Structure formats: C-alpha cells, structure tokens
Amino acid sequence: MNLEYTPEQRAFRLEVRAWMETNVPKERLPSFDLTREGFEAHRDWERKLSDGRWGMVTWPEELGGRGLDLIRWLIFEEEYYRAEAPTRVNQNGIFLLGPTMMEFGTEEQKQRFLPSMAAGDVIWAQAWSEPGAGSDLAGVRSTCARDGDEYVLNGQKIWSSRAVFADWAFGLFREPGSERHKGMSLILFPLDAPGVTRRPIERMDGEKVFAEIFLDNVRVPVADRLGGEGEGWKVCMATAGFERGLLLRSPARYQQAAKRLIGLYERHRHELPASMAERVAQSWMDADAYALAIYAMCSRLAAGGTIGPESSTNKIFWSELDMALSQTALDILGPRAELAEGDPERWLDYYIFALAGPIYAGSNEIQRNIIAERMLGLPKG
Amino acid sequence: MLFAFTEDQAAITEAARGMLIESCTPADLRRLLANGEAIDKTRWQTIIDMGLLGICAPEDKGGLGLSLIDFVGIAEAAGYVALPEPLIEMAGVVVPLLASLDDKGWLARVLAGEIVAVGHPANPLVSEADGAAAFVLSSGDDLHLVERDAVTLTRVDSFDPFRRLFCADWAPSAATHVNGGWRQTAQRGAVLAAAQMLGLGQRCVDIAVAYAKDRHQFGKPIGCYQAVKHLLADAQVKIEFARPVVHAAAIELPLGSPAAKARVAHAKLAAAEAADLAARTAVQVHGAMGMTWEVDVHFFLKRALALKTAWGTPAMHMAQVIDRMTALPTGPEHTFAASFEHG
C-alpha cells in the first residue's frame, strides 16, 4: 500500500493542468438543458477535449483515448474539476454506454460508435425508464419485434436525461410477449429516426433536463443491438454498476464542491456561529472519504477485481454527501439563498440538482435493498 | 499509488483474524466474566507464540520491523471479537514507544508477554494497569519508566467489564526518567482505536443480520422488511466509508504533518460514528432483547463507546480537522497528505 503518486503520475497531473489552464472556457457555458445553443456550446467543448485527446483517457488510443489506467483517470478528473471545466454533456455516452460497449460490443460496434462518442460528434441519452417501470426496471413494456434484419421499436420512455437535444439513445426493449427479466435487449437508436417523438419535461427550475421519448414503429438494424438478443437485463445491470459505482460521479466533483463550500464559509465566517465550521468540515471529510474509497476501488479493479454491490454503497454515500454539502451552503447564505440572483456561485442550482441524487441511477431505497440482500445476505421481501 | 493491501499483509491479518475469531467468541467472554478472569492466558500465549506482539518492533530487537499499516487489519479483527487481552495497545502503541526510548530492556520483556501500561495525557486513566509489570508515565514533558512496585493503583470501574482502568499514584525521580518523548503515540493510539471501532461496528451489523434472519414477526423473518434492511444498510455504508480513511491514516501518520494529523483525526471521527450507528442499530434490530445482558451486542457497544473517547475525544479531533481545513489548501489535488510534501 502506497499513497504517494509516482513522478510519472505527478508529471501527468501537470500536463493535464497546463492543458486545462489554456483551454477551459473563461466564462461559464450556457446550460445544455435549456437551449440548443447551450447544448452545442458543450458539444464544442467535447470536441476541443477530443482534439487534445482528453475525450476519454482510459479508452484505447485507436478509439480516441490514451489507454491510461484508472489512477490516471482519477488524476485527470481531479484536474478537470479543479479547473472547473464544463459538465460533460456526453456523460451518458462516455461513462455509461462506453464502458458497456467495451464489455459487450462487437469490434464493428466499437469502431463505429466509440470514436465518435469520445469526439463529441454523437451525444447520447439513456432510454431505460418508462411510466410504469422506474425502480422496477424489469417492468419495461416497450417492444422490439424482430423483422428480418431489423427490429421494430414501439413504446414510451421517460426521464431520459439530455434526450431533448441528444443525437442517439440506448434503450431497453423486450420481445413482444416476454416477461420480466427475460426477452429484453439493449438497442441503440438515433433520436431523429422516423417514428421517434421527443417531448421535453421541465424540471422544477424550468430546465429541460429530461424528455419523454415516444417510439412508433421505429425501424433499426439488428446490428445496433448491444449484447446478445434477450440478454438486455444482464447488459443493463453492468451499465447500472458503472453508473452508481464509479464513472458517473468521480470524487473530484465533490472535493471541488467542498473546496468552494470552505471558501464560502471563510468569506462569511464573521457572521456565522462557530458550529457551522463542523458542518463544513463534515462535508469536506465526507468528500475526501469518498475519494479514498474510490482510490481503493480503482486499486482493486486494477488488480483484477470487479465492482459488486459496493457500487450501491457508493451511490448512497455520494448522493447524501452532495445534499448535505449544498444544504450547508444554503444555510451559510441565509436569506440570500432563495434569491434568484442572490449568489453568484448558484448554490441553489446545486441544491436542486443534488435533490435528484437519491433518485436517479436507481433510487437510494433500491440501493439499500441491494446492500441488505447482496452484501449482508438478508432475505428478499 | 496503490491503495490495496499486499498479499503478505493480507496473509498476516488473516492468520491473526482466524485465531481471534475461533478462540474469542462471546461465549468465551462470558466464561471469563463468570470466572472473574481479566484475560485468557492460553490465548495470550498464542498471541505471543504467533509473534503478533513484535510486528511493529524493529528487526534488530526481535520484531518484524513492519509499519502501522501492516497491523491495522489485526486491530480491526481485535475489535471484531472485543478482545480482552491488550494485544493492540502492546503491539501497536507500547512496542513502538519503547523502541524509541531508552527502554531499559523492557521492549524484549513486552515481546515475551509482559505488560507495560501507558499513562498518556490523552487518557485520564491507565488501562491494563493491574497486570502491568511496568509503566510509561509522564511528568510535564518528561517520560518515566516506572516499575510496578513504585506505583499505587486505584481501580475505577468501567461499564465495559473488560476495561480495567486505574488511577496511578507515583513520584518521578532521576532513576525513573528516560530520554525521549511521546512522539506519535497518541496518533497511533487513535488510529488503532479507529481500526478496532471498524471491527466492533462490523460485528454489531453481523450480529443484527443473523438475528434479523432468525427472528420472525408477521410470519416472516424481520430481515425481509425494508424498514429493518435499510437500517442495517445505512450502518454498513458508514463502515464502508470509514474503513479507507482509517487505512489512509495508518499509512500517512508517519509523515507527522498537519495533513497527516488531520487524517488521523478524521479516521477516529468516522470510525467512531460508524461504530456508534452500528451498535445503536444492532440494539434497535433486536428490539427489547437488544437492551438485555443475554444478547451479545452490549459487549461490542460498550467497547465502542469506550474507544470513542480514548486517545482524544471527538471534539478534539473535530477541532484538528477544522484547523487543517482552514490552514492548508483543500481540493481534489490534495486528497493525500503526501501532496504537501511534493509542493
């Protein structure tokens, strides 16, 4: 066990830092969930990252990456958040679909989809949940009927993040007549295909964060199925593990937020009771604890381990940490917190997004069931 | 950068853990209490024979010359069984302390199984004192190595029946004075208390899980109900995110820097919170039985409560964390204490 970076890792950090200092936009980009302009500004940033070969550093070079290990991915993320670089508009692609495709995709699929994903040329949305299938994802009813070399997709998806402006989606569909975990396939489809209709859903703050997707006899080639026919559940669960466990929420995000919280606290310290220091310190400690846990997880993965149910403990920890952190910021701001223009750092926006943390990527209630049943061995309900 | 135990570290821990779990069952703890015995002499001899006391002793003094990180898993296992023998204090605290002092031959005697008790200013009372052959005590900034017959002990009862605490009355003299200081003794004590609390917390969860599978209400094991599952899952989450902090503290402690000290403080806070939640959850899952002497949870709950304030209180450790947080840079590039060594 050794908690010091090698000289090569330190040099890599400085290389990332130098690139970020030159290239991160000085002004915050407009939201990617409000207007096409904001979305395209983020796509431009993805392309810039890709030009610097920073699109997805762990991917092989031939797919647009740098072939780096997970420790360097963590260092990259640390410098990314330290530089307050824009949120990745393609996170559903690079962090969820990408790793799933690495594991389950054919060579042809990898060549076709991954370089364009790393380059920001194709921005992806996730199409899993349905009005009747949220926590109980095996309840999806949208269908993929095989017709020769094509599937015909029908049904309705909901809560698809980024789908308002995204280019493609990956969705879970079932063979007509199949039940529960059987007969499902993971299928990739363009969001501008004939028969696809998108309807934005406004979040409580007015941003069009998600969309409903209606599919009416949408035809896609069988070659655009990821993983085996009828094996969609297995493929999905692997993706869900990435989502909760590691890639979607890198620890640097919370450490940078904790650093900003400490800055906020220090600017307002003279008007705050001493007890506020403990709440700030708790958020800072929790962010560091999450980082240490992820470093340990990455070390285990590098030694050939896998992510098991601990992806569920991660998800509970980061979502609760994020909520407590932003609540502390709002309490420091006091009466300014509710004002639309009261705080240039926009902690209110942060809080609203943090509220979703215990819901998306599998609700925390479901995660607690997974921990209880798969880690602790308690009986199913 | 490698945040994982080596195969050697895992093997040493596993050997010790296996022995402790097999020999130190709750039934064994009850047997010791019924017989009025403070420790199990057979197990203590096994601990000596396995060389566990010398893990952190220098190689030229008959030890393995290993570091705190090599011992932290054993401390977790000792907590898991609520070990009555002073393995952790001797091997993890006293041995490295004696190795840094003019030890007058006491290091070799500790490795052979004699007990040297420590009266550190962080702890108001001296533990294990009745079985001690000598003491390391402080007078002002000076350390003294005092033989048993020069100390008058007054027992102070703890509600943990296996903690034997004493007031020590003694007089410093030129003959007892030894060169050296406490150095990192309190931080080592804190990290090892934290590691034991991880084990104590995990044991509380495991006992409660076993009970929740067995106890039926409304025709089903209570562990089927989400209300019970979620209590236990929350306790497990706390343990999972305290453990890497404790491991990091064990590695970073020797740096001695403010960042390393704050990590130790964080480890102690996080492990105490995890053990506390796990113990309270175990009582709750057992219902009224959880309040009884008959159910084993109380052995672990009591030890966790005692260790929470050993080697520094939560309030003191929180103050250390706040000092570091405001005095040194924070942010994603400062996860590790070593980041301050390299500028």
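Within the range B:301-343, the set of residues being free of Cβ contacts under 8 Å to residues at least 40 places away in the same chain and of a type in the set (D, E, K, R) comprises just one member, B:GLU333. Go over the candidates A:THR35, A:THR6, A:THR22 one by one and state the one that is free of Cβ contacts under 8 Å to residues at least 24 places away in the same chain and under 21 Å from the mean Cα position of the chain (by Cα). Every option except A:THR35 fails the conditions. The single condition among (1) buried (at least 20 other Cβ atoms within 10 Å of the Cβ); (2) more than 7 Å from chain B (Cβ to nearest Cβ) that A:GLN256 does not meet is (2). Taking helices (runs of 4 or more DSSP H) as the structural unit, those lying wholly within the range B:241-335 and holding at least 1 residues that are under 21 Å from A:THR313 (Cα atoms) correspond to B:258-286. The residues of the range A:266-310 that are within 7 Å of chain B (Cβ to nearest Cβ), under 22 Å from A:TYR5 (Cβ atoms) and not hydroxyl-bearing (Ser, Thr, Tyr), listed by number, are A:TRP284, A:MET285, A:ASP288, A:ALA289, A:ALA291, A:LEU292, A:ALA293, A:ALA296, A:ARG300, A:ALA303. If only residues of the range B:57-79 that are of a type in the set (Asp, Glu) and over 20 Å from the mean Cα position of the chain (by Cα) are counted, the one that is surrounded by the fewest Cβ atoms within 10 Å (Cβ to Cβ) is B:ASP60. All told, B:ALA82 meets the bar of being small (Gly, Ala, Ser), farther than 21 Å from B:VAL136 by Cα and either surrounded by fewer than 22 Cβ atoms within 10 Å (Cβ to Cβ) or in contact (Cβ under 8 Å) with a residue 24 or more places away in the chain (or both). Looking for something surrounded by fewer than 23 Cβ atoms within 10 Å (Cβ to Cβ), at negative phi, without any contact (Cβ under 8 Å) to a residue 24 or more places away in the chain and part of a loop (DSSP other than H, G, I, E, B) - is there at least one such residue anywhere in the range B:45-56? Looking for residues that are surrounded by fewer than 23 Cβ atoms within 10 Å (Cβ to Cβ), at negative phi, without any contact (Cβ under 8 Å) to a residue 24 or more places away in the chain and part of a loop (DSSP other than H, G, I, E, B), one finds none in the range B:45-56, hence no.
For beta carbons closer than 9 Å, sequence separation of 6+ or different chains, a first residue in the range B:4-25 that is under 16 Å from A:ALA296 (Cβ atoms) and a second that is at pLDDT 95 or above and hydroxyl-bearing (Ser, Thr, Tyr), the qualifying pairs are B:PHE5/B:THR13.
Taken over the range A:29-61, the residue count meeting the criterion of being over 15 Å from A:ILE94 (Cα atoms) and either within 14 Å of another protein chain (Cβ to nearest Cβ) or in contact with a Pro (Cβ under 8 Å, 6 or more places away or on another chain) (or both) is 4. Of the listed requirements (1) in contact with a helix residue (DSSP H, G or I) (Cβ under 9 Å, 6 or more places away or on another chain); (2) modelled with pLDDT under 95; (3) surrounded by fewer than 20 Cβ atoms within 10 Å (Cβ to Cβ); (4) within 30 Å of B:PRO314 (Cα to Cα), A:LYS234 misses just one: (4). When the range A:210-235 is filtered for residues that are in contact with a strand residue (DSSP E or B) (Cβ under 6 Å, 6 or more places away or on another chain) and assigned to a loop (DSSP other than H, G, I, E, B), the ones remaining, listed by number, are A:GLY227, A:GLU229. For B:ALA248, the requirement of being at the interface with chain A (Cβ under 8 Å from one of its Cβ atoms) and not aromatic (Phe, Trp, Tyr) is met. Among the residues of the range B:222-250, those identified as in contact (Cβ under 8 Å) with a residue 24 or more places away in the chain and of a type in the set (D, E, K, R) are B:ASP234, B:LYS238, B:ARG243. Of all residues in the range B:1-32, those satisfying the criterion of being of a type in the set (Val, Ile, Thr) and outside any helix (DSSP H, G or I) are B:THR6, B:THR25.
Scan the range A:352-381 for residues that are within 7 Å of chain B (Cβ to nearest Cβ) and polar (S, T, N, Q) and the total you get is 1.
To keep it simple, each residue is scored yes or no on (1) within 26 Å of B:VAL72 (Cβ to Cβ); (2) assigned to a strand (DSSP E or B).
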{"residue": "B:LEU145", "(1), (2)": "no, yes"}
{"residue": "B:ASP149", "(1), (2)": "no, no"}
{"residue": "B:THR154", "(1), (2)": "no, yes"}
{"residue": "B:ASP160", "(1), (2)": "yes, no"}
{"residue": "B:CYS167", "(1), (2)": "no, yes"}
{"residue": "B:PRO172", "(1), (2)": "no, no"}
{"residue": "B:ALA186", "(1), (2)": "yes, no"}
{"residue": "B:MET197", "(1), (2)": "yes, no"}
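Summed over the range A:98-134, residues that are surrounded by 14 or more Cβ atoms within 10 Å (Cβ to Cβ), among the small types (Gly, Ala, Ser) and assigned to a loop (DSSP other than H, G, I, E, B) total 5.
Residue-level check: of (1) more than 14 Å from chain B (Cβ to nearest Cβ); (2) outside any helix (DSSP H, G or I), A:ARG249 misses just (1).
The values are calculated or read from the model by the stated rules, or taken from the named source; none is laboratory data. Note that this is a predicted model, so its numbers are computed, not measured. Note: ideal-geometry Cβ built from the backbone for every residue, glycine included; neighbour counts use all protein chains shown.
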